[in-house]
1. Give the peptides 82-89, 132-139 in descending order of average Cβ contacts within 10 Å, highest first.
2. Given labels modelled 7 Å from the Cα in the Cβ direction, how far is it in nm from Arg310 to Arg15?
3. As a footprinting exposure proxy, order Ile387, Ile319, Ile79 by other Cβ within 10 Å, with the fewest listed first.
4. Over the chain, what relative contact order in percent results from Cα pairs under 8 Å that are six or more residues apart?
5. For the chain, give the magnitude of the charge dipole about the Cα centre (Cβ charges: +1 Lys/Arg, -1 Asp/Glu; no others), in debye to the nearest 20.
6. Can you list the residues, at least 5 places off or on another chain, whose amide H is less than 5 Å from the amide H of Leu204, using H built in the peptide plane?
7. Using modelled backbone amide H atoms (1.01 Å from N, in-plane), which distant-in-sequence or interchain residues come within less than 5 Å of Val356's amide H?
8. Within the stretch 312-385, list the GluC sites (Glu not before Pro) lying in a DSSP loop whose Cβ has at most 13 other Cβ atoms in a 10 Å radius.
Amino acid sequence: MRVHLTATAAAAVRRGHPWVYRDGIAGGGEGAERRGERRRGERAPRAGGGAAASGDVVELSAEGAPFLGRGLWDADSAIAVRVFQRAQAPALDERAIAERLERAFALRDRWFEGRDTTAYRLCNGEGDRVPSLVIDRYDRVAVVRLDGGMLAPWLDRLLPHLARALGARGVRSIGLRARGEAASGDAEGKKLAHLHGPPPPDRLFVRENGVAMEVDLARGQKTGAFLDQRDNRARVRALAAGRRRVLNLFSYAGGFSVAAALGGAGRVTSVDSAPAAHATAQRTFRENGVDPAAHEFVTADAFDFLEKARARGDRYDLIISDPPSFAPSERAKPRALGAYRRLHTAVARVLDRGGVLCAASCSSHITAEDFLATLDDATLERDDLRIRAIHGQPEDHPTLPAWWEGRYLKFVVLE
Ligand code: SAH
């Protein structure tokens, strides 16, 4: 199968961008065709009638470039091709993909050696040059997520490789979490589909930098936990020393909360709209020898909570705000920026003088500079704060220089 790209799409592929959108295909859209089967001007056949199906290997070309690389075709999503190879590699088959995976796993072996951490991202899809395939490790369980539809037909062939490579590293069960299947908040989520080994437990404890964390595999968000905040949780732990009152907004399973408590904070208030998340957080507190009764877990809308806290005159000397993505698409951006502004204004009103504010955003459509603008003096209604640090995602969530979409996490520390 051959896919001929527009000049713009070809340039992006050359820079290493792993996606070809449907409008990046020259001649507009139907795209992949079996070589030689179609004459000029003839209509491209639709899937099923000889056109490419999801998972088919396609060769990319452009004007003046007979071979740009190889990718996998996706018949349904806005991203028509995810690019796997740019050089004339021998073939794009399961062996080639398995080699990439082994490389990703070997890097994690090195990165996490001796760190008392049993939960991390084993493969970050595009960022590890295995587009579409995300694998998170929760101790003895690996959770696979496929973005788009092109790798689903490959899963059976990849599974023996995965089972072998992961088994050698102590992973016993492999589960599959379909995209968008994760329950949000307290809604019942679909169970993890079971792919290999003993059925994964509904929940289990993992370790992160020596801290125990309960992960809800059955109903949790993402693949179970927000592994991308690992380093930032460690930062919060260090920031919490000597703080009297800490506020963790959108606390989910309480990762930042327990970090603050272990770091020496007097009282940590966790706010989330999902009561199930607090139950998880409290078990995590206990597992770490912290009495949850010494802290506060509030089931509430964060905006309502802030309004009431302000009215009560409550003040905090460390606040963490890590909301769900406000901008799931480029179109949602203006509204999302407004929501971040409203949130940050409300947060700043309950932040003590001399306090620290950690504000996070996980929307790739909001750039760091855009996000910082939602923390400016006018928004915060104060002029005593400075940016102490801007952090992002950890090494197990790698990206590519050309793949800006992968750099979604901002974690800004203001003091
Ligand atoms: N900070 C967390 C991840 C946050 S995910 C961590 O590091 O693990 C976002 C969380 O916000 C979810 O748990 C969701 O239940 C909660 N949430 C979404 N909208 C909310 C709202 N308006 N008020 C309070 N919590 C909300």
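1. Ranked by mean Cβ neighbours within 10 Å, highest first: 132-139, 82-89.
2. Rounded to a tenth, the inter-label distance reads 4.0 nm.
3. Working: Ile387 11, Ile319 25, Ile79 21.
Placing the least packed residue first, the sequence is Ile387, Ile79, Ile319.
4. Reported as a whole number, the value is 11 percent.
5. 420 debye
6. Placed amide hydrogens put Val215, Leu217 under 5 Å from Leu204.
7. Close amide H contacts, sequence-distant or interchain: Leu318, Ile319.
8. Numbers: sites: Glu330, Glu369, Glu381; in loops: Glu381.
Loop-located and lightly packed - Glu381.
Bear in mind that the values in this text are calculations on the coordinates, not laboratory data. Please read all numbers here as calculations on a predicted model, not as lab measurements. Please note: Cβ atoms are built from the backbone with ideal geometry, for glycine as well, and neighbour counts cover all protein chains shown.
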